[in-house]
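Peer 1: Pasting in a structure now, in structure tokens, and then I'll have a few things to ask.
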Amino acid sequence: MEIDIKKKDENFLLFSIEGVNDAFINAIRRISTVEVPTMAVETVEILKNDAKIFDEALAHRLGLVPLTTDIESMVLASECDCEETCPRCSVSLLLKEKGPKTVYSGDLKSQDPQVVPYNDTIPLLKLKEGEEVELIAIAKLGQGLEHAKWEPTTACAYKYYPQITIDTETCELCGLCAKECPRGVYEFDEKKNLVKVVDLENCSMCKTCVRGCTTNSITVEGQEGKYIFRIETDGSLSPEEVLKRACDILSDKSEKIIEFCK
């Protein structure tokens, strides 16, 4: 297996991977999306709400606020032996504000410094003069299999690594492929009268260039066993952590199957 990182930042990772098959890469994608656990608000006890927003709508907004997750010290609520909540599976976040003001996610006060809103500027509600809101939100560790609010990824996808072949014997060097391509994969040098592939990895294999070529000189196909993988997270976990956890989960599943077969 060969992995080459193309682009990386705090919540985004783009890399190519070679030496695997469709089943493996798709398993990693699915596990990354719905089986890697994160923290999210599960229950909300609203003590006071004078704002012009229903309690249910406010609770829904709180559930969608991405929370940083410390997987090492937390366990899934479904695996915890407590009756309702405990420090091993849940974290309390308090909200107590008075208007006039716009209440943001950063106003939530967490009892655990490792579990806080990733983004402080998500608007929750507006309070007018004299209006107050007071609530207790309970965040728990869960999986996207149960609810989308526990999905750590906002985008997780792969595609075959593109392979473009230009037949120089039949190509008329008209430059139409460069004009037709919507993603800037080709470049036509009028001085040298030459068509070049300048951004191969940006090719979506839509084959617009193939349909536009009057001499059928271009072939676009995916390389078997080589892929481009893209993952973007909501901030609850880093892309590297999501992939690492996904691989660990897949390894555990494989070991269980091996033990069963024995």
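What follows draws every value from the coordinates through simple rules; no lab data is involved. Since the structure is predicted, the reported quantities are computational estimates derived from the model, not experimental observations. Using ideal geometry, Cβ is built from the backbone for each residue, glycine included, and neighbour counts are taken over all protein chains shown.
Peer 1: Measuring from label point to label point, each 7 Å out along Cα→Cβ, what is the residue 147 to residue 132 span in nm?
Peer 2: Modelled inter-label distance: 2.8 nm.
Peer 1: From the list [x] 66, 52, 26; [y] 76, 62, 25; [z] 71, 47, 38, can you say which value of Cα extents along the principal axes in Å was derived from the structure given?
Peer 2: Derived directly from the coordinates: [y].
Peer 1: Let me make sure I get this right: for segment 22-124, a, b and c are the square roots of the gyration tensor eigenvalues over alpha carbons, sorted descending. Under 1.5 in a/c it's rounded, otherwise prolate if a/b > b/c, else oblate. Which is it?
Peer 2: prolate
Peer 1: While we're looking at this one, here's another question. Please give me, ordered by residue number, the trypsin sites (Lys or Arg not before Pro) of segment 32-132 that lie in loop per DSSP and have at most 10 other Cβ atoms within 10 Å.
Peer 2: Loop-located and lightly packed - 52.
Peer 1: Please enumerate, by chain and number, the lysines with C-alpha under 20 Å from the C-alpha of residue 262, excluding those fewer than 8 residues away in the same chain.
Peer 2: Of all the lysines, those that pass the test against residue 262 - Cα under 20 Å, at least 8 places apart if same chain - are 253.
Peer 1: Who wins for biggest fluctuation among 119, 216, 26 in a Gaussian network model of the chain, springs between alpha carbons below 10 Å?
Peer 2: Comparing 119, 216, 26 in a Gaussian network model of the chain, the most mobile one is 216.
Peer 1: Quick check on the chain: helices-only [θ] at 222 nm, where DSSP H runs of length 4 and up contribute -39,500 (n - 2.57) each and the sum goes over total residues. Nearest 500, please.
Peer 2: Helix-only estimate at 222 nm: -6500 deg cm²/dmol.
Peer 1: What order, most packed first, do the peptides 142-153, 245-256, 219-230 have when packing is the mean number of other Cβ atoms within 10 Å of each residue?
Peer 2: 142-153, 219-230, 245-256
Peer 1: Counting only complete DSSP H runs, which helices of the chain cover 15 Å or more along their long axis at the Cα atoms and score a mean Kyte-Doolittle of 0.0 or above?
Peer 2: 22-34
Peer 1: If the limit is 21 Å between Cα atoms, which of 7/191; 48/109; 8/159; 48/126; 8/226; 159/207 go over it?
Peer 2: Checking Cα-Cα distances, 7/191 exceed 21 Å.
Peer 1: I need the GluC sites (Glu not before Pro) found in segment 1-48, filtered to DSSP loop residues with at most 13 other beta carbons within 10 Å of theirs.
Peer 2: 10
Peer 1: Which residues does a label at residue 86 reach in segment 137-157, if reach means a backbone N under 19 Å from a point 7 Å past the Cα toward the Cβ?
Peer 2: Under 19 Å, as judged by backbone N against the label point of residue 86, lie 138-142 of segment 137-157.
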